[in-house]
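Asker: Take this structure, written in structure tokens, and hold onto it; I'll ask about it next.
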Amino acid sequence: MEIIIHGDKVKVTDAMKEYIEDKLTKLDKYLENSENVRANVIVKVKNHEQTVEITIPLKAFILRSEEVQEDFYAAVDKTIDKLERQIRKNKTKLMSKHVKVAEEFNFASFEKEEDEEEKQILKRKKVEVKPMDEEEAIIQMELLGHQFYMYKDSDTNKAAVVYKRKDGHYGIIESE
């Protein structure tokens, strides 16, 4: 696996690089042709908090995890654990999907987990998408107490979703 490590407001030391590389090799067992896979790692520092973000773009989808901890090594460990959990949790979906996805993963390395159950859609809801501006959509989302809200942008007349980010700010996903 090719590992690219960047530091944002922090100098990534050789010890930090070695630790990240050592932990990321743990994921090699799940990936076929792992030498062709590139992992992008960003290490950030804000106040006393260390943020480690790992993104692994594959042919069919992207694996991504981010963790914030006071200890850098704990953040790396948790981020790797999240990525491994994502792969394990979705292994049945991955096996049933496209052939090119199956080529990227070594499914023989998965052990059978007792508590593993396939997730399914339990509820389907139809909503009326009303035309409104971004501010009105944020107010509607807050009134409902949701983390996201779907609406039709009154300027572009296209569907959009406003969502609350982890940092407390808002994001918007717009359709093309």
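Asker: Beta carbons within 10 angstrom, averaged per residue: use that to sort the peptides 36-49, 155-168, highest first.
Answerer: 36-49, 155-168
Asker: Also: Checking the table LYS29/LYS123; LYS9/LYS59; LYS59/LYS166; LYS23/LYS59; LYS11/LYS164 against a 26 Å threshold on Cα-Cα, which pairs fail?
Answerer: In this structure, LYS29/LYS123; LYS9/LYS59; LYS59/LYS166; LYS11/LYS164 lie more than 26 Å apart at Cα.
Asker: When the chain is fully extended, how far beyond the present Cα-Cα distance does LYS82 get from ASN40, taking 0.36 nm per residue of separation?
Answerer: On the way: separation 42, 0.36 × 42 = 15.12 nm, distance 1.54 nm.
Between LYS82 and ASN40, full extension yields 13.6 nm more.
Asker: Something else about it: Contour minus end-to-end for GLU128 and GLU49, with contour as 0.36 nm per residue of separation and end-to-end as the Cα-Cα distance?
Answerer: Working it through step by step, the gained length comes to 24.3 nm.
Asker: Which distance in nm do the two modelled labels at TYR163 and GLU18 give, with both placed 7 Å along the Cα-to-Cβ direction?
Answerer: In this crude label model, TYR163 to GLU18 measures out at 3.8 nm.
Asker: How do SER65, SER175 stack up against each other in accessible area, from largest to smallest, with a 1.4 angstrom probe? Present the calculation step by step, with values, prior to reporting the outcome.
Answerer: Numbers: SER65 5, SER175 55 Å².
Per-residue accessible area, sorted high to low, gives SER175, SER65.
The values are calculated or read from the model by the stated rules, or taken from the named source; none is laboratory data. Nothing here was measured: the structure is a model prediction, and the numbers come from that model. FYI the Cβ positions are ideal-geometry reconstructions off the backbone, even for glycines, and counts take in every protein chain you see. These area figures cover heavy atoms from the full protein model, side chains too; ligands, DNA and RNA do not enter into them. Shrake-Rupley method; radii C 1.70, N 1.55, O 1.52, S 1.80 Å.
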